[in-house]
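Below: one structure, written as structure tokens.
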Amino acid sequence: MYPFFRLAKTMFNARKQPSVSYSHQDEIEFYCHPWDIDMFMEMNNGRILTLYDLGRTALGIKCGLMKTLKRERWGLVVAGSSVRYRKRVKMFDKITMRTQCVATDDKWLYLEQSMWVKGQPCSSVLIRAGVTSNQGVVPPQDVIDASHSSFDHIDIPKWVQEWIDSELHRPWPPTTIELDDSLTVQQPSV
């Protein structure tokens, strides 16, 4: 089930905070609840991606994006993601989530998000997000201007640019890879 109560709490708390720019690194905190864990007694990887929505929502409220979406009747879409899981999040761990828009191009906003427990990074995700209208994707600069906010433009970080470039080579629509039945896997000798 979607974490509606945590979303409501996140939205309530974000509205009480001062306005920030799109490039501000924002933080929210919450706990890993029993309904977030899987059979291995750690936070489920799918739940982690769902909870990253909360961080993007909080930043979106603080930089004026959510009001702009409502006023302009625009939508928000995730168009791609790359995630790393490095440390387990266990039940009742206190999580600090960091969210920051690290780059834009002519079409997309690129957000880096991470979850931390006791000062240690547990996971990180790079999100390609877009704002949509009836005419298609709204250029990020138009979105920022409509929000009466700012973005401290920097060069796209090399690792983000490399991910963008690698996505250009990924086929769409997805293709099926035919494997030759004669292929065998050699087991290493002990």
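Any read-out appearing in this document is the output of simple, stated calculations on the displayed coordinates, not a laboratory observation. This one's a predicted model, so the numbers in the text were calculated from it and none came from an experiment. Ideal geometry is used to build each Cβ from the backbone, glycine not excepted, and the neighbour counts take in all protein chains shown.
Odds and ends about this structure:
- Backbone amide hydrogens, once placed in the peptide plane, bring Cys63 within less than 5 Å of Val20, excluding anything fewer than 5 places away on its chain.
- Taken along the Cα-to-beta-carbon direction at a fixed 7 Å, the label points for Ser82 and Asp152 span 2.4 nm.
- Taking segment 66-185 and dividing mean pair separation by its residue count, relative contact order in percent (alpha carbons under 8 Å, at least six apart): 24
- Once backbone amide H atoms are built at 1.01 Å from N, Ser23 has Asp152 as its partners under 5 Å, excluding neighbours fewer than 5 places away on the same chain.
- Under 16 Å, Cα to Cα: Lys pairs in segment 1-96, sequence gap 8 or more or different chains: 5
- The H on the amide N of Thr132, modeled in the peptide plane, is under 5 Å from the matching H of Gly75, Leu76, Val77, Val138, each at least 5 residues off or on a different chain.
- Kyte-Doolittle at least -0.5, axis length at least 20 Å by Cα - qualifying DSSP helices, the chain: 45-62
- Placing a pseudo-label 7 Å from each Cα along the Cα-to-Cβ vector at Val137 and Asp106 gives an inter-label distance of 1.1 nm.
- Global geometry of segment 52-190, whether rounded, prolate or oblate, following the gyration tensor of its Cα atoms and the 1.5 cut on a/c: oblate
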